[in-house]
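Working notes, structure below.
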Amino acid sequence: MSTSDGFVFDQLQESIPKVLGEESITRAVDGLMLGTRDVLLAYRSGVSTAITSPISGGLLGGLGTHFSLGAKHQLEPEAVLDDVTAVHVAVLHRGGGPSVSTQIVVLRRLLLGPYTGERGASFEAVVKGKSPLVVSVKNADIITSLLKLKREVEAISGTPIEMTLVGAGEAHLVAAELAAANVGVVVTPPRPFPFTWEGRRVSVIRLNVFSKYLSDIVIQGPPITERSLVTSLFAHGVTVGIGHQGVEEDAQLSAWAARNLRWDAAWVHIDYHGLISIEDALNMATTNVEKLLRVTRTASDSDTGCHERRGTAQFRGKGGCSDFSEAQRPDSVRGLMSETEMNLFPPRSCKMTVRLPKETRVLVVKKSPAERKPLYHDAVIEKRLIPVLQSGQVLVKMGAVAFNRRDLWIRFGRYPGIAFGATFGADGAGTVVASTDPRDPLLQRRVFLTPMRGWESSPEAPEPGSMFGILGGGKHPPLGTFADYVVVERDQVIRSPDHLDDVHMAAWPLGGLTAWRAAVVNARVRQGQNILITGIGGGVALIALQLCLAKGANVFVTSGSEDKIQKATALGAVGGVNYKSENWPGQLGELLAKRAGSALLDAVIDSGGGDIIGRVNKILKPGGKVIVYGMTANPTIKFTMREVLKHHQLIGSAEQGFALMKHGSQFGKIVVRMDESGQAAARL
């Protein structure tokens, strides 16, 4: 591979010999050269196979090929693994050559046909999705033209085109668009440098007044900037492959560097502080490149092993590297790490980082058919694209989500501000799997989401003009937790304590906040006070019970279930009565006098509403408080002059309920554990 096979004819600038014909296309396999210096050095360094395309100074390169570097000649068994891989072209600014617009016109003509000869058949295979189109490109403006061309051809053919970009030093400027178009990138070199004006936005030294502007379009990579081309593409969900570094922009002039790609893969992992795992880095140099360039191999040929040895991570088996020579321009060379070589990476687990998906399942509110009586809106699982992270956002992989009574009220159409198509759920906990900051300390940390917006600091109520809202099912804020993945503001997630797993953590946020405001902020529960908590068994009521007990109060409960009353007393409640009894207030008064030494309550924490004030009037001390955080029994509350004269206080709280359970038979919150195969409800 150290001896050049030469350049193919540029059909836009040169006269093509008649013997070749106008519809021919060059095959790299026909000029394949083995046993050269670069091939042998790469093979000795662990490189096993390569993918190469013909060298061309013009638009049309030709058909790539996949071969073994250890073979002496092409006729050896498995010397050539794939005669033809992909169709290769190059759209670049060429001094004195055809314009970029001319190259795009020609490429459009090749893709849309008519298809004649071997060249026509090759491009027809691209349009039918049977072969990828690999485009060497540098400039972001040309990349956008290629994306528009791809969309245009797909609209005509009705079939997605498999497109891969090679080089693409400015691809970070259009990373979101590449991800949306499902276009992958083989980054060569992996640490780009602006060798030419065409790639000027690859990397630049920041200078005085221009530095702020340049920081938005230029990412030199560590140590100058935290982000790089590779990490930007990776964070946006683009499938990324890498080639070797070398010292030249043109890969064929740096073929000697193919032997070093395993170190380039290590560099990608180490430089970005955990954002790109060991496995991800190796995949970029191996399986990702194979996928992007469409090679066919057996599973045993493409395995990359990771194992622990002496406390450090090593790699064995057939790994990968990209190799480029003077004779051919390979886009990938696969390699292996021997057992005797140095460790590539610092000590850490070989646990594989999950590849970030492009879409997520969500549970959304759908409007009930008009003929359905009584009204009950639908809850439907849909798949939606995961939005591209913006500055200050993180992506959370949900581990567990919890229901609240408001979710049921939304389905009944009794909750204000319902937004059809919105995702359900205010409570959830999970793990931060992506951030716009590669060094974000929250990466791979467990967190829970704050359940509301627009209430920052006031202890009494949301600040005026703050657009207060609870997550899930509404217009504001426009997100919910019932999803596999949630994009959320970084300052709206909080580290989960180590002693609570995701299931237990998801049960706390909205219910815990509501219970705290009811018991601590509004009721101001103190040691020795008599407190009544109605409807024990729901999430808020149980948390309020624990808070009041922690304050040293005497807690009494009501429930329609004797079993729930017994469970509450087992948790520390003094006692309870069944509210289905017509004279439950009288029974509670007797219990108060017997067990607490006083027949009067200091405060009532209630979820039912209705005539709660009238029922407890005789056993609520003057100046006593009734804290109502829900109205599950009745949407109205009676408050008469009788209560005013006794200075009773009716205080409302923000949260609207308990768990999503029509019959109310649960004791605690209903939490859904999220996993790869489905969902399983866990009752707490």
**Message:** Please go through (1) surrounded by 16 or more Cβ atoms within 10 Å (Cβ to Cβ); (2) at pLDDT 90 or above; (3) among the charged types (D, E, K, R) for residue 563 and return the number of the only condition it doesn't satisfy.
**Reply:** (1)
**Message:** Return the residues of region 433-454 that are part of a loop (DSSP other than H, G, I, E, B) and touching a residue at least 24 places away in the same chain (Cβ under 8 Å); say none if nothing qualifies.
**Reply:** 436, 437, 438, 439, 440, 442, 443, 444, 445, 450, 451
**Request:** Can you work out which of the residues in region 539-555 that are among the β-branched types (Val, Ile, Thr) and within 14 Å of residue 525 (Cα to Cα) is surrounded by the most Cβ atoms within 10 Å (Cβ to Cβ)?
**Result:** 555
**Prompt:** Listed residues 399, 421, 428; which is open to solvent by less than 10 Å² (accessible area, probe 1.4 Å), in contact with a strand residue (DSSP E or B) (Cβ under 9 Å, 6 or more places away or on another chain), at pLDDT 90 or above and small (Gly, Ala, Ser)?
**Reply:** 428
**Prompt:** Taking the condition at pLDDT below 80 and open to solvent by less than 40 Å² (accessible area, probe 1.4 Å), does residue 264 pass?
**Reply:** no
**Asked** For region 338-357, does any single residue satisfy the condition of being in contact with a Gly (Cβ under 7 Å, 6 or more places away or on another chain), under 18 Å from residue 432 (Cβ atoms) and at pLDDT 80 or above?
**Response** no
**Prompt:** Here are some conditions: (1) crowded, with 19+ Cβ neighbours inside 10 Å; (2) among the aliphatic types (A, V, I, L, M); (3) at pLDDT below 90. Residue 370 meets all but one. Which one does it not meet?
**Reply:** (1)
**Fill in**
Considering only helices (runs of 4 or more DSSP H) wholly within region 476-574, the ones with at least 2 residues that are among the charged types (D, E, K, R) are 562-571
**Message:** Would you confirm whether or not region 234-255 contains a residue that is modelled with pLDDT of 75 or more, farther than 23 Å from residue 389 by Cβ and within 28 Å of the chain's Cα centre (by Cα)?
**Reply:** yes
**Message:** Please count how many residues of region 578-596 are part of a helix (DSSP H, G or I) and of a type in the set (Lys, Arg).
**Reply:** 2
**Checking residue 159 against (1) open to solvent by 50 Å² or more (accessible area, probe 1.4 Å); (2) among the β-branched types (Val, Ile, Thr); (3) within 30 Å of the chain's Cα centre (by Cα), the condition it does not meet** = (1)
**Message:** Between a residue in region 478-501 that is surrounded by 15 or more Cβ atoms within 10 Å (Cβ to Cβ) and any residue that is acidic (Asp, Glu) and at pLDDT 90 or above, which pairs come within a Cβ distance under 9 Å, given they are 6 or more apart or on different chains?
**Reply:** 481/427; 496/502
**Prompt:** Does residue 112 fit the bill of being touching a residue at least 24 places away in the same chain (Cβ under 8 Å), aliphatic (A, V, I, L, M) and under 21 Å from residue 53 (Cα atoms)?
**Reply:** no
**Prompt:** Of all the residues that make up region 42-79, how many are surrounded by fewer than 19 Cβ atoms within 10 Å (Cβ to Cβ) and either over 30 Å from residue 137 (Cβ atoms) or modelled with pLDDT of 85 or more (or both)?
**Reply:** 10
**Request:** Taking residue 122 as the residue in question, decide whether it is of a type in the set (Ser, Thr, Tyr) and crowded, with 19+ Cβ neighbours inside 10 Å.
**Result:** yes
**Residue in region 82-103 that is modelled with the lowest pLDDT, counting only those that are of a type in the set (A, V, I, L, M, F, W, C) and under 17 Å from residue 132 (Cα atoms)** = 84
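The values are calculated or read from the model by the stated rules, or taken from the named source; none is laboratory data. The shown structure was predicted, so the numbers you read here are calculated from the model rather than taken from an experiment. When we count neighbours, we look across all protein chains shown, and the Cβ atoms used for this are built from the backbone with ideal geometry, even at glycine. The accessibility values were calculated without ligands, DNA or RNA, using every heavy atom of the protein model including side chains. Shrake-Rupley method; radii C 1.70, N 1.55, O 1.52, S 1.80 Å.
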